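Only one structure is covered here, and it is reproduced in the block below.
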Amino acid sequence: MKLGELETPALLLDADRMAANVTRMRSRMAALGVTLRPHLKTCKSADVARRLFDGATGPVTVSTLKEAEHFLDNGFTDIIYAVGITPGKLEHASRLRERGADLKLLLDNLDAARAVAAHAARRGNLPTLIEIDSDGHRAGVAPEGADLLAIGHCLAAANCLAGVLTHAGASYDCRSVAAIRAMAEQERARTVRAALRLREAGLPCEIVSVGSSPTATYAERLDGVTEVRAGVYVFFDLVMAGIEVCRVEDIALSVLATVIGHQRERGWIITDAGWMAMSRDRGTAKQPVDQGYGLVCDAAGQRLPDLVMIDANQEHGIVAHRSGQPQHTPLLPVGTLLRILPNHACATGAQHDRYHVVRGASDSVEVVWPRFSGW
Ligand SMILES: Cc1ncc(COP(=O)(O)O)c(C=O)c1O
């Protein structure tokens, strides 16, 4: 099938760019001597997941139990569910383990730890990681705090303590490579410190899991760490390009859109890809260069200089020259195909139910890979 035969908007995945991103991260982790545990919440696709490994099926990270189900069905057994567990999901987790998943859970409070311990006493072992707050970004216990040991003792008494895990989400707010390097070292040091405290208290701590794409890309040493999780590196996006974690040319995901009309006096090109196709994510708004709802390329993936998707309605996109000066917008004819690069690959991907796999500038769709969503 040719791109011109697709009904737009449609999600495109450049397989060559993805393969280069995957190889780069794999080699980096191998050089640093740690296991890479990709986060599959970005792709939500077994076809993509299989291409992240050299023949192996894992280890992997997921953000929902539905992802765990799906990837287990596709042969991925070593799974960390990296969102804090709730008591209501423990039975589901046990069922996954009975079906053969080596599923590990995550939590950061004593209430959840007690629920895991009680459930494990009835239904069998539930290996669980303690979430560490390494950057003040979101969830987790302080590596130096009393909660860490209290939770550790509770889980260990039930034979459920598997290790510690952190995600340095604050790396997304770094504004220089030096700042990301420093964040990577902070992420490593604080998580390793938490592991040490557990071990000094006589508790087991086999897994020391860190990771985000920015810190994985720039970490200089990872001693004490056993594994790194990263997700968005597979596709990359404008937010990652905005903090120099990738180049714009590395972005493997785009939305194919068609020009449907113009507002000539305003210098606007109207397309059929609105926020339903791109998502509402405006992640570059906080960055030095705001990319609107996306950067605009031609049908072959070549950037059209300074053309940006400046606004979005549900099914309408507005494309204009970055300067805001109407005379600079090339009024591309109705029917012109465009590829729009997304701010946030996970959010844009989530708007679609399949990947149309392409290679570079080719106008052929090689294959269609389904992707799933929901919980
Ligand atoms: C717990 C956890 N681990 C790993 C990741 C992967 O980070 P990134 O998407 O920057 O690669 C995320 C992303 O949100 C996450 O929430």
The number of residues in segment 113-144 that are of a type outside the set (Ser, Thr, Tyr), within 29 Å of the chain's Cα centre (by Cα) and either crowded, with 22+ Cβ neighbours inside 10 Å or under 20 Å from Arg199 (Cα atoms) (or both) is 14
Can you find a residue that is within 20 Å of Leu222 (Cβ to Cβ) and of a type in the set (S, T, N, Q) anywhere in segment 56-73? yes
Of these, Ala277, Ala273, Ala241, which one is under 25 Å from Gly360 (Cβ atoms) and either assigned to a loop (DSSP other than H, G, I, E, B) or in contact with a Gly (Cβ under 7 Å, 6 or more places away or on another chain) (or both)? Ala273
Just to be sure before I move on: is Val225 within 22 Å of the chain's Cα centre (by Cα), in a loop (DSSP other than H, G, I, E, B) and within 16 Å of the ligand (Cβ to nearest atom) in the structure I sent? yes
Residue among Asp111, Asp102, Asp135, Asp173 that is of a type in the set (Asp, Glu) and free of Cβ contacts under 8 Å to residues at least 12 places away in the same chain: Asp111
Picked from segment 56-75 (must be more than 16 Å from the ligand (Cβ to nearest atom) and not in a helix (DSSP H, G or I)), the residue surrounded by the fewest Cβ atoms within 10 Å (Cβ to Cβ) is Ala56
Are any residues in segment 205-222 more than 9 Å from the ligand (Cβ to nearest atom), outside any helix (DSSP H, G or I) and without any contact (Cβ under 8 Å) to a residue 60 or more places away in the chain, and if so, which ones? Cys205, Glu206, Val208, Glu220
Take the conditions closer than 24 Å to Asn21 by Cβ, acidic (Asp, Glu) and not in a helix (DSSP H, G or I) and apply them to Asp311. Does it pass? no
Quick check: anything in segment 342-355 in the same structural domain as Gln302 (by TED's automatic domain parsing), part of a strand (DSSP E or B) and within 30 Å of Thr64 (Cα to Cα)? yes
Checked segment 93-108 for anything over 22 Å from Leu36 (Cβ atoms) and either within 16 Å of the ligand (Cβ to nearest atom) or surrounded by fewer than 16 Cβ atoms within 10 Å (Cβ to Cβ) (or both); matches are Arg95, Glu98, Arg99, Gly100, Leu107, Asp108
Of the conditions (1) out of contact with any helix residue (DSSP H, G or I) (no Cβ under 8 Å at 6 or more places or on another chain); (2) part of a loop (DSSP other than H, G, I, E, B), Pro305 fails just one. Which one is it? (2)
Return the total of residues in segment 16-51 being in a loop (DSSP other than H, G, I, E, B) and either within 12 Å of the ligand (Cβ to nearest atom) or not assigned by TED's automatic domain parsing to the domain that holds Gly100 (or both). 6
With respect to Ala345, is the statement that it is within 16 Å of Met278 (Cα to Cα), within 16 Å of the ligand (Cβ to nearest atom), surrounded by 14 or more Cβ atoms within 10 Å (Cβ to Cβ) and touching a residue at least 24 places away in the same chain (Cβ under 8 Å) true? yes
Take segment 118-169 and flag every residue that is of a type in the set (S, T, N, Q), within 16 Å of the ligand (Cβ to nearest atom) and out of contact with any Ser or Thr (no Cβ under 7 Å at 6 or more places or on another chain). Thr128
For segment 229-260: of the residues being more than 11 Å from the ligand (Cβ to nearest atom) and hydroxyl-bearing (Ser, Thr, Tyr), which is nearest to Arg181 (Cα to Cα)? Ser254
Just the residues that are part of a strand (DSSP E or B) and either within 21 Å of Cys43 (Cα to Cα) or modelled with pLDDT under 95 (or both), please, taken from segment 1-15. Ala10, Leu11, Leu12, Leu13, Asp14
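The values are calculated or read from the model by the stated rules, or taken from the named source; none is laboratory data. Model, not experiment: these values are computed from the prediction. Quick reminder, even Gly has a Cβ in these numbers, built from the backbone with ideal geometry, and neighbours come from all protein chains shown.
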